[in-house]
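K.L.:
I have a structure here, written as structure tokens, and I will follow up with some questions on it.
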Amino acid sequence: MRAPTCAPVRAPVRALPPALMRLPIACPGGVLLAWLLVAPAIPYGTATAFAAELVVQLPEPGFGYTIGDRLRQRIHATEAIDAQALPPLGRVTPWLQRIAVTPFEGDDGLSGLELVYQVINAPATVTRVELPAVTLALRDGGQRDTAPASAIIGPLLPAGVAVEPRPDRQPAPPSTHRIERVRNAALLVLGACVLAVPLWGFARSRRDAGRLPFSRAWRTVRGACADDAGAWASVHRALNECAGGTVHASNLAALRTARSWLDPHAVALEAFFAASDARFFASAPGAGTAAPGFDLAGFVRTLMRAERRAAR
């Protein structure tokens, strides 16, 4: 006679694997034993949804902070966080002050908060401090609390040790290569201009001395004495060349008409011919000497300058 067997039993919440359901079980105690053995391997896909989960990302690194440093803590949540009810800013511990709370949306669909703390005191020795627990308000009206986190802060300088301050770090000197190139080019151009002006004047004087009548006469007169016959003759040649014929006191009006730049010097021209008559001809008293008070060099220099202005 076979021993009585119990009917297969199904779990009230999670279904047993089909292979297990087909096994005969001797008694109800066996059902409990089988359930305890199989339950860890059963997936939770059919279980009721859990409440919002929080994932707290601690500051990295968790050590080496001192006064003025900032610690960043990120909290991820599986449900949307109410952005209108964020943790308040301000001093949260004797060592830390919360200076920023920023909501964010992660790429994985999780929302969260980034909390920034600043160390506002420096301990005398290395000290472990706590980032306080945070209560988060969810959009569905619920609340979730995080556990406190810790970090290690220390003093700026070892206690009782005098440390000489380092000298100020000097900035690297700016490069002046481009400025120096521009300066050198400007100096080169300036030097060329300074040299070009007298060279141009000298070249023009040489050109005018060979081309203009009074400029040629000036080369003879400037080194001669006042009664030098050659100097007076060179001035007459210059006047004849300007007129294209022989010039004497009686036809000075025709010369001034042909050369209008001689008009302002009509009085000087008449004085020159009067002095020339006295010098070269015996029609006036004192023949053979220069007329008293007549400046031949000044007369030629004046006509030479007027001639050059007219030739420009």
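K.L.:
When you go through (1) surrounded by 11 or more Cβ atoms within 10 Å (Cβ to Cβ); (2) out of contact with any Gly (no Cβ under 6 Å at 6 or more places or on another chain) one by one for residue 76, which number turns out not to apply?
P.N.:
Only one criterion is unmet by residue 76, namely (2).
K.L.:
Please give the number of the condition residue 92 fails out of (1) modelled with pLDDT of 85 or more; (2) of a type outside the set (S, T, N, Q); (3) surrounded by fewer than 10 Cβ atoms within 10 Å (Cβ to Cβ).
P.N.:
For residue 92, the exception is condition (3).
K.L.:
If you don't mind, there's one more thing I want to ask. Output the residues belonging to the stretch 115-135 that are outside any strand (DSSP E or B) and not hydroxyl-bearing (Ser, Thr, Tyr).
P.N.:
So the first thing to find is which residues in the stretch 115-135 are outside any strand (DSSP E or B), and the list is 120-126, 132-134.
Correct list: 120, 121, 122, 123, 124, 126, 132, 133, 134.
Let's see how each residue does on (1) at positive phi; (2) modelled with pLDDT of 85 or more; (3) loosely packed, with under 12 Cβ neighbours inside 10 Å:
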position: 204; (1), (2), (3): no, no, no
position: 208; (1), (2), (3): no, no, no
position: 221; (1), (2), (3): no, yes, no
position: 234; (1), (2), (3): no, yes, no
position: 240; (1), (2), (3): no, yes, no
position: 270; (1), (2), (3): no, yes, no
position: 274; (1), (2), (3): no, yes, no
position: 281; (1), (2), (3): no, no, yes
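K.L.:
Which residues, counting only those in the stretch 241-265, are within 12 Å of residue 306 (Cβ to Cβ) and of a type in the set (Gly, Ala, Ser)?
P.N.:
260
K.L.:
Can I ask one more? Residues 119, 134: which one is under 30 Å from residue 77 (Cα atoms), more than 33 Å from the chain's Cα centre (by Cα) and at pLDDT 90 or above?
P.N.:
Working: 134 fails: at pLDDT 90 or above.
Testing whether each residue is under 30 Å from residue 77 (Cα atoms), more than 33 Å from the chain's Cα centre (by Cα) and at pLDDT 90 or above leaves just 119.
K.L.:
Same structure again: Within the stretch 146-175, which residues are surrounded by 10 or more Cβ atoms within 10 Å (Cβ to Cβ), part of a loop (DSSP other than H, G, I, E, B) and β-branched (Val, Ile, Thr)?
P.N.:
Correct list: 146 only.
K.L.:
Which condition breaks for residue 192 when tested against (1) of a type in the set (Gly, Ala, Ser); (2) exposed (fewer than 13 other Cβ atoms within 10 Å of the Cβ); (3) closer than 19 Å to residue 297 by Cβ?
P.N.:
Failing condition for residue 192: (3).
The values are calculated or read from the model by the stated rules, or taken from the named source; none is laboratory data. Keep in mind it's a predicted model, so treat the numbers as computed, not measured. All Cβ positions, glycine included, derive from the backbone under ideal geometry; neighbour counts span all protein chains shown.
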